[in-house]
Structure formats: structure tokens, C-alpha cells
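A short worksheet on the structure shown next.
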Amino acid sequence: MSFKMVADHAVWPLENDAIFGLAAKAKEAIEKYGKDNVIDSTLGALVDDDGNLICLETVYSELKSLPNADIAAYAQVAGQPDFLESVQDACFKGYKPDAYIKAVATPGGTGSVRHAIWNYTNPGDSILVCDWFWGPYVTISEEFGRTVTNYELFNDKGEFNIISFKEKFEELLKKQKRLVTIINTPANNPTGYSLSDEEWDEVLNIAKENAKDPENKIIIVVDSAYIDYAGIGNERRKFFTKFSHLPENIFVMVAYSMSKGYTMYGMRSGAAIGISSSEDVANEFYYSAMHANRANWSNGTRAAMSVMTNIAKDPAKTKAYEDEVNSTKTMLRKRADAFVEGAKEAGLEILPYRDGFFVSIPCSNAKKASEELIKENLFVVALKKGLRFAVCAVSEEKCRVSPAKIKRVLDNLK
């Protein structure tokens, strides 16, 4: 295309989102061959065994009971005050750090990531993420004239690669004197890996050591989008207490999403939660994020905020909601276990899985593998380093048989 009307910084390839495009192809296959003959593992959304989107009854009965005015009214720019309290409780669940904490409503976890990258980096800076990551980290960074640097997520033992993390962390910090690193845990998208409490200690020790230079500014973004479907009970939240009493020049932001835990994918609600040992730094975060809200989307979805708040304030509703989440969480764990067991039986190499919606299969030509699997009516997302299988969207039975199908296609490509 030779003639352009958009500004140079807004020229991007003429292509649609690859994941949603693949999901559309899977839907076409289902209509043609029937749902029993197609395995659609494309989108990161909870689906029942019949292929229907799971929508938590407690959430949607609450939504439908709201007065029209509570649905239609504007929310405050930073979010409704009672929501900003409830979302902290929903996020930390008894493991709240001993620190100054502020929250600002955002459209899902994506809005929080957006605020972290824009508000805490300078033009030309690079954001640090692992090499198995959610693609929009790059999209958002590029939109703002930033880049992404990767460290290796796994070492040879299949554990968090703290050596690679430290090397890239210190390399960027030395160059930029400020660094935003996004750690997608628990239940990393796309691998399903969760950092252990001991691995968090190692990460924070590196941050604290580098914080001894007062000119360094360290921002750790915890993308917790899948936290409500990780671990047993609230065990995967224990690491939050480690953010107590950090040096002033280490700031932690939690990107909290209502998309997964509340099955409100399309209502776009969540929060950026800032954690600091400094009251001034926490307040700075609040007003910076609030200004960014006003500049970008003005305010958030009032109805979604009301749903969370009303459930949180009513013990009976809270119990009913938690029971639903736990039931769905059990279903998800059974599916993941079936896939992992199936992979072991088939001899299919997968990355270490601990929690969440996805399992990843390393391979050298993921795009070609995905194309060949489509011919088998098995739809998986191709990444730079492998394939992503969404156990959240596939029945337990299909999760068990999929690894053998994938193994056979990968072997044929060798």
C-alpha cells in the first residue's frame, strides 16, 4: 500500500488477530463436521463439555438483578470506591501485603498492563518478559514506542530460569535505570507454569540487590489474570505477602482481571493494584493511573463493579460464588491432568504445567504443525516456540486423546 492517511507511528500490518481468526475456522469446522468431530482449543475461555461458554450463575443472576440505573450510570474515573475495596479483597484473599496499597479500575487485566507500560517506562525502553508470553505485551509495547526483551522461562531442569532472568534484568536496568518486568503468574499463559514461593524469593532478592542503587527504579507487574483457577484453595496467593516492606524504589503492580474468575470476558473489568512501602509512591500511582483512565477510556463498566461488590458484601452470595468457582476449577484440573497423562502415554513433550487454562508443546515449526492439525480438525494456537492447547475449552475426554494426535503430526513433520 503506497498511499497512507494514518501517521507513521500507526501503520501496522494489514492482518487480523491470529487467535480469533483460528477460532473462527474452528467454528466453521464444527458447523461442517459436528462438534463431536472437532477439537477447538483456541480461545482462553471456560467452555463446558457441550461446547457452551461457562457463565457463572451467581455472577449473571446478580447482574440481571441490578437496577437499570446501576447498569447505565457512569462509574467514577478511578472506579467506584466500594469496588476498589472489594477488588483488593478478591485479589489477595487473606494474603494482603503490609504496604500502602491503591487500586484503580481498568478494562480487564489488559488495561493494567497498558498503564504499567505507558506510565512507568520512557520512549525507547524495553520491557522484560519471559520467552513464553501473552502476545499483546508486544502489541501494547509497540503501540507506545517500546520494545520487549525476553529471558528464558525454563532452565534445563524445567524450573524457573533465575539465571536468565537475572542476566536480562540487570542488563536492561543498567542501560535504562528503570525497568518494568511483567511476570505472568500463577498459571502463565501459555504454559500453565506458576512461580513457587521459593522462586519468588529469588526474583525479589535480585530486585532488592539492584535497588541498593537509589537511581534504579524497579517495577514488577504481576499479571494475575488466571489466579482464581490456580492451586488448591488460596495457596497460590501466599506470595503476595512477600511484597511487604520492599525498598521504596521497588514498586509492584498487580494486574487483576474479572474476565476469568467471574467469567465476564466481554464486560472488560478489572483493576490495577499498586503496592509500595511509600505512601507517596502509592498515591502517585493512583493519580497517574486515574489520569490515564480518563485519557483513554474515561471510566470503567459500572455494572461489573457492582456485581463484584454486591457478591463480596453478602456472605451467602460469596459462598455460592466460591462454590461455583471451585466446581469449575475442579473440572479444569481434571482436564489438565488428562492432557498431561495423555502426553506422557503418547511420548509428547510438554512444558512444565502447574495451573490454569493452557498447556504448551515446544516444537520448531509451530505454524506448519498448526496447519497440519487443522486437517485433523484439531485447532491449536501456533506460537513462536511451540503450540498452545487450551484445556479450558476442551472436554476431559478430548484432552486425553489430543496429545497422541499432536504427537503423530509432529513426528510426520520431522
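The values are calculated or read from the model by the stated rules, or taken from the named source; none is laboratory data. Only a predicted model underlies this, so the values are computations on that prediction, with no experimental measurement involved. Cβ atoms come from the backbone with ideal geometry, glycine included; neighbour counts cover every protein chain shown. Note: areas computed on protein heavy atoms with side chains; ligands, DNA, RNA excluded. Shrake-Rupley method; radii C 1.70, N 1.55, O 1.52, S 1.80 Å.
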* Structure fact -> Averaged per residue, the 1.4 Å probe accessible area of the chain, protein heavy atoms only, in Å², is roughly 46 Å²
* Structure fact -> Rounded to the nearest 10 Å², the 1.4 Å probe accessible area of His9 is 140 Å²
* Asked: Among Lys4/Lys260; Lys384/Lys405; Lys4/Lys27; Lys25/Lys385; Lys32/Lys64; Lys96/Lys398, which pairs are too far apart, with a Cα-Cα distance over 31 Å?
  -> Lys4/Lys260; Lys4/Lys27; Lys32/Lys64; Lys96/Lys398
* Structure fact -> In whole Å, largest first, the alpha carbons of the stretch 144-280 cover along the principal axes 42, 42, 33
* Asked: How many times 2.2 N^0.38 Å is the alpha carbon radius of gyration of the stretch 68-129?
  -> 1.40
* Determine Rg/Rh for the stretch 112-221; Rg is computed over alpha-carbon atoms and Rh is the Kirkwood hydrodynamic estimate from the same atoms. => 0.94
* Structure fact -> Phe154 neighbourhood, Cβ < 13 Å, K/R = +1, D/E = -1, net charge -3
* Structure fact -> Each label sits 7 Å from Cα toward the beta-carbon; between Asn234 and Glu31 the label points are separated, in nm, by 4.6 nm
* To do: Return, ordered by residue number, the residues of the stretch 339-366 whose backbone nitrogen is under 16 Å from a label point located 7 Å along Cα→Cβ of Arg408.
  => 342-343, 345-348
* Asked: Any idea what the alpha-carbon Rg over 2.2 N^0.38 Å comes to for the stretch 33-180?
  -> 1.39
* Asked: Ranked from the most accessible area to the least, with a 1.4 Å probe and all protein chains present, what is the order of Lys212, Lys96, Lys242?
  -> Lys212, Lys96, Lys242
* Candidates (1) -0.33, -0.85; (2) -0.29, -0.74; (3) -0.51, -0.96; which is the computed log10 I(q)/I(0) by the Debye sum over Cα atoms at q = 0.07, 0.11 Å⁻¹? -> (1)
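Quick check on the chain: helices-only [θ] at 222 nm, where DSSP H runs of length 4 and up contribute -39,500 (n - 2.57) each and the sum goes over total residues. Nearest 500, please. Don't skip to the answer; put the middle values down first.
Working: 13 runs with 181 residues, N = 414.
After summing the helix terms and dividing by residue count, I get -14000 deg cm²/dmol.
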